[in-house]
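Notes follow the structure.
Please treat every number below as a calculation from the coordinates, not as lab data. In this text the structure is predicted, and so the values were computed from the model without any measurement. Because the Cβ atoms are built from the backbone with ideal geometry, glycine has one as well, and the counts that use them run over all protein chains shown.
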């Protein structure tokens, strides 16, 4: 007999962990114990331990599409991880497993199927990543972020849910944001963020145009660790942060517009907050092109303005900012028509439905 437990898995980046944290409260409130399986030393371990959930670390090997000598050794780590995950699942007897993807999730998903536990997974990007391509045959349901992704999911397993948003991001306070930044006037505010590690490319283009921008806008610049420019520290109307955590909700509340990369989690947060935005996706030279597809989907739906890296100059950035601000209300109206209202709750209901079948 299965116990009233749900196993969550996912790792390799914060983007594979924080959506799980958005879903967990909806599962807990229904009386389920939460267990997490991640890698032994990944970022997910610290994030989950901080939340006081039971955590199991397993061996994991990265799945690569390119040549690397570790491609010869990591399959053995995956096999070890599969055995470890199998034993954990057998001992804990969960009613269901939810996977947010990432390489650590693959052995957990396969081990879940071997233990006859229903598995639900979530794909953030428009086209499935390698981990989810491997995992999908072992899953009973694949939650997807973009309508276009349903075309890539076979056997009618796909369900359009959007991506889970952290509740705390929706509770930001504009006045607190202004106090954090120390802005003295009421000029419109632009928040610029280049992903969790920052973007030297976006940083450079923004700073080129800073003398012109600060005449009309206040700028919040999350530039990434080691990317702060001390020479710009005392410029009125420009506030740079290397990294923000708990302050982010307040900075987003203060922002009138956002310039961002196009990771699925980030852009769905902007959609939930109805923030007019300019997306500058990672180029295909440094990614598999998933951010470009994500951004183009939002552009088609009228949620975002998009400029690809190869077309971005300082002058083009300046023009786009003025255009976005002028037409900001049309972007807000388009985002208000989005029919997916609470992805975390929708996904939790799918997990609970599978779990209840298995009790």
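Observations on the model:
- Compared with the alpha-carbon gap, the fully stretched path from residue 216 to residue 171 is longer by 13.5 nm at 0.36 nm per residue.
- Of all the options 291, 242, 311, the one that moves most in a Gaussian network model of the chain with Cα springs shorter than 10 angstrom is 311.
- Potential lengthening between residue 313 and residue 91 on full extension [0.36 nm per residue; Cα-Cα distance subtracted]: 74.3 nm
- Zone residues, the range 151-172, relative to residue 337, backbone N less than 19 Å from point 7 Å out along Cα-to-Cβ: 162
- Backbone N within the range 232-247 under 18 Å of label point (7 Å from residue 256 Cα along the Cβ vector): 236-239
- Residue-averaged [θ]222 nm for the chain, counting only DSSP H segments that reach four residues, each worth -39500 (n - 2.57): -12000 deg cm²/dmol
- Equivalent ellipsoid semi-axes, the range 222-271, via Cα gyration tensor eigenvalues times 5, rooted, Å: 22, 13, 10
- Label point at residue 301 placed 7 Å out along Cα→Cβ; residues across the range 115-139 whose backbone nitrogen lies under 19 Å: 122-129
- The packing ranking, built from the mean of other Cβ atoms within 10 Å per residue, places the peptides 296-309, 204-217 in the order 296-309, 204-217, highest first.
- The chain: most fluctuating residue of 144, 27, 104 per GNM, C-alpha cutoff 10 Å: 27
- Spin-label model distance (nm) - residue 230 vs residue 327, 7 Å beyond Cα toward Cβ: 4.3
- Gain in span if fully extended, residue 151 to residue 130, counting 0.36 nm per residue against the direct Cα distance: 5.9 nm
- The range 168-336: C-alpha gyration tensor shape, a/c 1.5 cut-off, then a/b vs b/c: rounded
- Relative to the longest principal axis of the Cα atoms of the chain, the long axis of helix 314-326 lies at roughly 90 degrees.
- The long axis of helix 264-273 is offset from the longest Cα principal axis of the chain by roughly 60 degrees.
- Working from Cα pairs under 8 Å separated by at least six residues, relative contact order for the chain is 17 percent.
- Once C-alpha pairs closer than 8 Å and six or more residues apart are averaged by separation and normalised to the residue number of the range 208-338, the relative contact order reads 20 percent.
- Distance between the 7 Å Cα→Cβ label points at residue 246 and residue 55: 1.9 nm.
- With Cα atoms, 0 to 90° folded angle of helix 74-92 axis to the chain main axis: 70
- Cα shape, the chain, gyration tensor, a/c 1.5 rule: prolate
- Spin-label model, residue 345 to residue 41: label points 7 Å out along the Cα-to-beta-carbon direction sit 4.2 nm apart.
- Spatially, the range 86-160 and the range 274-352 are offset by 26 Å when compared through their Cα centroids.
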